[in-house]
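Please read the structure below before turning to the comments.
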Amino acid sequence: MNGLNSQMALFLKRLFRRRLVLLAAVILTVLVISALLAHWVAPFDPSVMKLVRRLKPPSDVNWFGTDEFGRDILSRIIFGARASLGIGFLVVLFSMGIGTVFGLLAGYIKTLDSPIMRLADAMMALPDILLAIFLMAVLGPSAGNVVLALSIVYAPRVVRVVRASTLVVSALPFVEAARALGVSTFRILRVHILLNIASPILVQATFIFAYAVLAEAGLSFLGAGVPPEVPTWGTMIAAGQQYADDAFWVVLFPGLAIVMAALSLQLIGDGLRDMLDPKLRKAL
Amino acid sequence: MTTPLLSVSHLSKSFPTSRGIVQAVDDVSFSIAAGEAFGLVGESGSGKSTIGRLALGLITPTAGDIRFSGQSINGLSERALKPFRRQAQMVFQDPYSSLNPRLRVRDIIGEALDTHALAQDRRDARIAELLDMVGLNASHASRYPHEFSGGQRQRIGIARALAVEPRLLIADEPVSALDVSVQAQIITLLQDLRRHLGLALLFISHDLDIVELLCERVAVLYLGRIMETGPTDQVMKTPRHPYSRALLAAVPKADPDAPRMKRLVSGDIPSPLNPPSGCVFRTRCFYAEGPCATDRPVLAPAEAGWQCACLRDPLPEHE
Amino acid sequence: MAVASDQSAFKQDGPLLAVDTLSVSFRQEDGVSTPVRDVSLTLHQGETLALVGESGSGKSVTSLAIMGLLPRPAGFISSGKIRFQTRAKQTVDLAQLSFDDMRHLRGREMAMIFQEPMTSLNPVLTIGEQIAETVRLHLGLSGRALQAHVKAQLDLVEIPDAARRMDDYPHQMSGGMRQRVMIALAMACQPSLLIADEPTTALDVTIQAQILLLIDRLRRETGMAVLFITHNLGVVAEIADRVTVMYAGQVVETAQTRPLFRKAAHPYTNALLSCLPARAKADASGLRRLVPIQGQPGVFGEACAFAPRCPHVTAVCQTKPPQLELTDGGSVRCFRWRDLA
């Protein structure tokens with residue numbers, strides 16, 4: 001009990017020593033909280049149009065200005081965060097789910113290794129965004145299909161990470177001890193392997209979160225993603241690009257939101273990797 | 001004659017590697033009676049650890065047969081092997097990687113009980129009993145492995161093995177990663193457990209002194225083959241095989257008054273990828289002659305319960 | 001009562017190496033730890049001193065401090081002197097030497113070999129190239145003379161068929177052969193001090209015996225001193241002239257090898273010896289048994305660090321830490337060594 005607490009304390013101590021990672025965590029937390037509490041936080045209704053106030057620059061009324069229909073950009077970014085981060089989060093969830101299952105099987109069961117990994121390699125040979133566009137063309141545009149397509153695109157990355165870690169852990173004597181006891185394969189995978197590779201999976205999750213936020217924006221920008229009437233950071237840039245010359249704020253602020261979210265996630269991923277790795281190595 | 005607890009006959013195991021086939025175990029036969037301690041001694045490449053894992057059914061042999069109380073485990077599925085899991089358990093070399101760092105001691109030992117549906121109505125009490133048996137106590141059950149020293153972890157590993165009440169404990173270099181003082185604690189614990197539980201022991205080690213202390217019989221392995229096997233006292237005091245003699249002569253003795261190493265074997269242990277023809281030890285042997293390069297020596301009875309695989313047995317004289 | 005903080009008076013010509021009340025500390029996340037406290041040892045020319053201890057005894061940290069190889073910036077010498085006699089017959093304090101001076105000395109007058117030779121060899125260079133590099137650096141040789149010298153180095157460490165093995169990469173060699181290469185590298189500068197940190201621990205028994213004989217032969221032929229760090233008491237008995245035993249970061253006993261193995265002065269040394277399987281004694285039922293040291297190593301504090309595990313502990317042992325006292329031919333850190341003798 002005590003040991004776990006002191007481990008936690010050490011983790012927090014290390015976190016606070018890394019200012020940049022801490023800053024990233026704060027930015028991400030602000031983004032997530034404002035997305036969750038969008039109805040209370042946003043100053044205006046994001047879909048109410050005021051055509052008289054269209055394309056107004058940032059002011060003390062509309063901090064980030066207004067768009068081509070006179071809608072408040074700050075409010076739309078806050079509501080857009082729901083869709084963008086929500087899609088990213090669901091992509092993480094699904095790609096992790098699929099990738100972990102196949103990665104564990106490839107890493108632990110020798111006969112499944114080759115077929116699973118060849119398929120993963122083939123998928124990873126295609127550029128992410130091309131594969132995603134192709135899948136969207138087949139599936140049709142909707143938020144749900146963006147999640148599905150991106151989950152398929154990123155699952156092979158998870159498979160790779162999980163398989164590599166599984167190979168390392170499954171060669172350790174405690175796995176052999178479990179086998180010698182007659183413990184079922186399912187339990188070995190769940191308790192002895194998955195629990196011990198949680199850290200690299202967690203690190204990978206933050207990276208995929210960042211990629212997914214960027215990819216969703218890219219797909220929406222290209223018109224292959226979420227339908228344009230749904231406010232996401234990507235659809236905002238897509239709609240605003242033709243006014244960008246005269247009204248830079250229409251694309252600048254959603255763009256900044258994307259950069260901030262993706263950068264924070266990457267920094268957190270890097271930080272997590274640095275903080276977790278030595279402990280993981282020692283624990284194993 | 002009674003059926004031995006474990007009998008291994010003509011056991012062979014080869015591993016394909018990128019640089020060729022390694023014959024890790026080559027036609028090895030031995031048996032262990034209930035309650036007996038048997039030592040497997042050898043240097044790296046001798047196949048001693050592979051034999052331990054074969055005996056547990058963790059890997060499948062290329063040829064040969066493994067029997068527990070007369071029943072063969074050959075070709076059995078995981079499910080069919082499960083009853084045999086309670087016959088033999090293993091203690092590992094590295095006390096750090098042999099315990100899952102994410103589980104509490106209670107769950108490490110409890111898993112063994114749950115897998116075989118043992119003591120389910122008094123699980124905590126049984127775990128406390130097992131911890132007590134290995135010199136720990138019930139309060140240790142709620143801790144994680146990283147909170148223990150190497151010696152204590154090895155005790156936990158032994159408790160896990162004992163949880164299924166095995167009749168044979170296979171110990172693969174269980175003390176070689178430990179300090180001398182801790183080593184002595186674990187050796188003493190193994191002696192006590194044998195005495196109180198009537199456990200048989202397959203003790204795999206490179207340390208001849210420990211094998212001499214713990215085991216009644218011993219087999220000396222070199223490059224996957226048994227060179228000599230017999231009662232420990234006799235093999236250690238008057239080894240018949242040239243390799244046994246070389247091995248014993250090379251062990252540093254913690255006694256400056258003991259006669260110094262006299263005749264040391266020269267050269268390296270040959271690669272198991274490309275073992276010498278005939279007798280595998282002939283390249284380093286003082287007694288090797290022409291036929292040793294062509295004829296493979298078989299393990300032949302020398303005296304009661306004592307076998308030696310040497311074409312020149314008996315050797316001219318003991319040094 | 002003589003306090004043996006400085007034992008350099010043992011020989012008239014002065015020791016090659018005299019470590020005097022050395023303490024080594026490490027800065028850690030939660031403060032400073034001092035794994036080596038008040039360590040004194042001496043080493044004379046041509047002598048093999050074994051530094052013995054279990055894990056955590058501080059023996060390896062002591063050897064790294066002598067070599068100036070403490071991990072920077074965490075590790076540092078917090079007090080004490082390491083006096084080393086150079087070839088020019090000057091005595092320098094290694095604890096005070098600059099990084100560059102230390103590196104210079106390390107290349108020419110002192111060398112170190114480790115437990116795992118693979119990590120100390122460059123995997124992408126042949127062993128011939130690696131030895132040549134060292135020889136070129138120290139002796140300024142080149143061309144044929146260099147090649148001949150490299151081959152001579154390999155012959156010196158008894159690598160068979162040296163001319164051909166020069167072109168091998170480290171991974172093509174066995175552990176024993178790699179250790180020979182490491183010794184060849186160490187001997188390239190003809191050091192007056194060789195520090196061997198568990199050089200045979202990872203090797204098989206028959207190979208270990210060969211390496212021990214090799215190190216001993218080189219010592220006899222070159223007159224260098226060897227500081228041999230090991231946990232294996234059998235190895236100590238084989239190779240050492242004198243033994244320094246460490247426990248919990250301190251030296252507890254220094255003695256000539258033979259008397260130490262017959263009857264040590266410090267209770268810890270005796271307890272350690274009785275843990276050796278070869279020294280097991282038969283119990284009432286005829287079973288040969290060991291006498292393990294009970295409990296865990298104690299921490300440094302206000303008492304003798306061995307007191308919690310010592311069979312001879314008395315009240316005085318609990319009140320203050322004992323000092324190192326001179327015995328005939330050595331020293332011991334125990335209040336009761338005279339009573340126990």
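Spin-label model, B:SER44 to A:ALA125: label points 7 Å out along the Cα-to-beta-carbon direction sit 3.9 nm apart.
Considering every residue in B:160-166, what mean count of other chain Cβ atoms within 10 Å of its Cβ is obtained?
Working: counts 5, 3, 0, 1, 3, 0, 1.
Partner Cβ neighbours, averaged per residue: 2.
Take B:VAL298: with every protein chain present and a 1.4 Å probe, its accessible area is about 110 Å². The base-10 log of I(q)/I(0) for segment B:209-257, evaluated at q = 0.15, 0.17, 0.24 Å⁻¹, reads -0.39, -0.49, -0.93 [Debye formula, identical scatterers on Cα atoms, solvent excluded].
Judged by the gyration tensor of its Cα atoms, with axes a ≥ b ≥ c, segment B:71-188 is oblate; a/c meets the 1.5 cut and b/c is at least as large as a/b.
Were the residues from C:GLN294 through C:ALA315 laid out at 0.36 nm apart, the gain over their Cα-Cα distance would be 5.6 nm.
In the calculated pair-distance distribution of segment A:45-99, the portion above 14 angstrom amounts to 59 percent of the Cα-Cα pairs.
Pop the C-beta distance of A:VAL52 and A:ALA137 into the FRET formula with R0 = 51 Å and round what comes out to the nearest 0.05.
With a Förster radius of 51 Å, E is 0.80.
Result for chain B in a Gaussian network model with C-alpha springs under 10 Å: among B:LEU169, B:LEU247, B:LEU273, the largest mean-square fluctuation is at B:LEU273. Ratio of Rg to Rh for segment B:100-161: 0.93 [Cα atoms; Kirkwood radius as inverse mean 1/r over pairs]. Solvent-accessible surface of segment B:100-161, taken per residue with a 1.4 Å probe and all protein chains present: 36 Å². Peptide C:55-66 is shielded by partner chain Cβ atoms: per residue, an average of 1 of them sit within 10 Å of its Cβ. Shown are C:HIS266, C:HIS312, whose ranking by accessible area with a 1.4 Å probe and every protein chain present, most to least, is C:HIS312, C:HIS266.
Against chain A, whose longest principal axis comes from its Cα atoms, helix A:110-125 is set at around 20 degrees.
Using the Cα gyration tensor of segment B:144-216, with a ≥ b ≥ c the square roots of its eigenvalues, what is the shape: rounded (a/c below 1.5), prolate (a/b larger than b/c) or oblate (neither)? Write out the running numbers ahead of the final one.
Numbers: a/c = 1.85, a/b = 1.10, b/c = 1.68.
Since a/c reaches 1.5 but b/c is at least a/b, the shape of segment B:144-216 is classed as oblate.
Once backbone amide H atoms are built at 1.01 Å from N, B:VAL218 has B:GLY39, B:GLY230, B:THR232 as its partners under 5 Å, excluding neighbours fewer than 5 places away on the same chain. Just checking the listed ones, A:VAL168, A:VAL32, A:VAL21: in the Gaussian network model of chain A with Cα springs under 10 Å, the one fluctuating most is A:VAL168. Treating each Cα of chain C as an identical point scatterer and summing with the Debye formula, the log10 of I(q)/I(0) at q = 0.11, 0.12 Å⁻¹ comes to -0.76, -0.89. The angle separating the long axis of helix C:175-187 from the principal Cα axis of greatest extent in chain C is about 80 degrees. Shape summary of the protein assembly as shown, radius of gyration then Dmax from alpha carbon positions: 33.6, 114 Å. Remark: segment C:120-188 projects, on average over all directions, an area of 4.0 nm² (convex hull of Cα atoms).
With a Förster radius of 25 Å applied to the beta-carbon distance between C:ASN122 and B:LEU273, the computed FRET efficiency rounds to 0.50. Oblate is the label for segment C:233-336, because a/c, from the alpha-carbon gyration tensor with a ≥ b ≥ c as root eigenvalues, is 1.5 or above and a/b does not exceed b/c.
Which residues does the label zone of B:SER176 cover in segment B:13-52, counting backbone N under 13 Å from a point 7 Å along Cα→Cβ? Inside the label zone: B:40-52.
Residues of B:187-197, mean number of Cβ from any other protein chain within 10 Å of their own Cβ, rounded to a whole number?
2
Taking amide H as placed 1.01 Å from N in the peptide plane, B:SER29 has its amide H under 5 Å from the amide H of B:HIS10, B:LEU11, each at least 5 places away in sequence or on another chain. A crude spin-label estimate for the pair A:ALA198 and B:ARG296, with each label 7 Å from Cα along the Cβ direction, gives 5.1 nm. Projection of the Cα convex hull of segment A:130-284, averaged over all directions and equal to a quarter of that hull's surface, yields 11.1 nm². A full extension of the chain between B:ASN137 and B:ALA304 corresponds to an added length of 55.6 nm, given 0.36 nm per residue minus the alpha carbon distance. From the P(r) of chain A, could you give the percentage of C-alpha pairs in the tail past 23 Å? Tail of P(r) above 23 Å: 61 percent of Cα pairs. For segment A:48-202, what value does the Rg/Rh ratio take when both radii are computed over Cα atoms and Rh is the Kirkwood radius, given to two decimals? Reported Rg/Rh (Cα atoms, Kirkwood Rh): 1.21. I need the fraction of alpha carbon pairs in chain B separated by more than 25 Å, rounded to a whole percent. Here the long-distance tail beyond 25 Å is 53 percent of all Cα pairs in chain B. Rounded to the nearest Hz, the phi-derived 3J(HN,Hα) couplings of segment C:191-208 under the Karplus curve 6.51 cos²θ - 1.76 cosθ + 1.60 (θ = phi - 60°) are x, 8, 9, 10, 9, 10, 9, 6, x, 10, 5, 8, 9, 5, 4, 5, 6, 3, where x marks glycine and proline.
Computed from the C-beta positions of A:TRP40 and A:MET260 and an R0 of 22 Å, the FRET efficiency is 0.55 to the nearest 0.05. Here segment A:2-283 is assigned +1 on the Cβ of each Lys and Arg and -1 on the Cβ of each Asp and Glu. Its dipole about the Cα centre then comes out at about 1140 debye. Dimensions of segment A:130-177 from C-alpha coordinates, computed as largest minus smallest value along each principal axis and given longest first, are 50, 18, 11 Å.
Which number do you get for Rg(Cα) / (2.2 N^0.38 Å) in segment B:10-157?
Details: Rg = 17.8 Å, N = 148, 2.2 N^0.38 = 14.7 Å.
Cα Rg divided by the expected 2.2 N^0.38 Å: 1.21.
B:ASP121 sits with roughly 140 Å² accessible to a 1.4 Å probe, with DNA, RNA and ligands left out of the calculation.
Coordinate range of the alpha-carbon atoms in segment C:60-133 per principal axis, descending: 40, 32, 20 Å.
The order of C:THR269, B:THR60 by accessible area, most exposed first and with a 1.4 Å probe, is B:THR60, C:THR269.
The values are calculated or read from the model by the stated rules, or taken from the named source; none is laboratory data. Computed from a prediction, not measured in an experiment: that's the story for all the values here. Glycine also receives a Cβ, built like all others from the backbone with ideal geometry; neighbour counts cover every protein chain displayed. Only protein heavy atoms, including side chains, enter the accessible area calculation; ligands, DNA and RNA are left aside. Shrake-Rupley method; radii C 1.70, N 1.55, O 1.52, S 1.80 Å.
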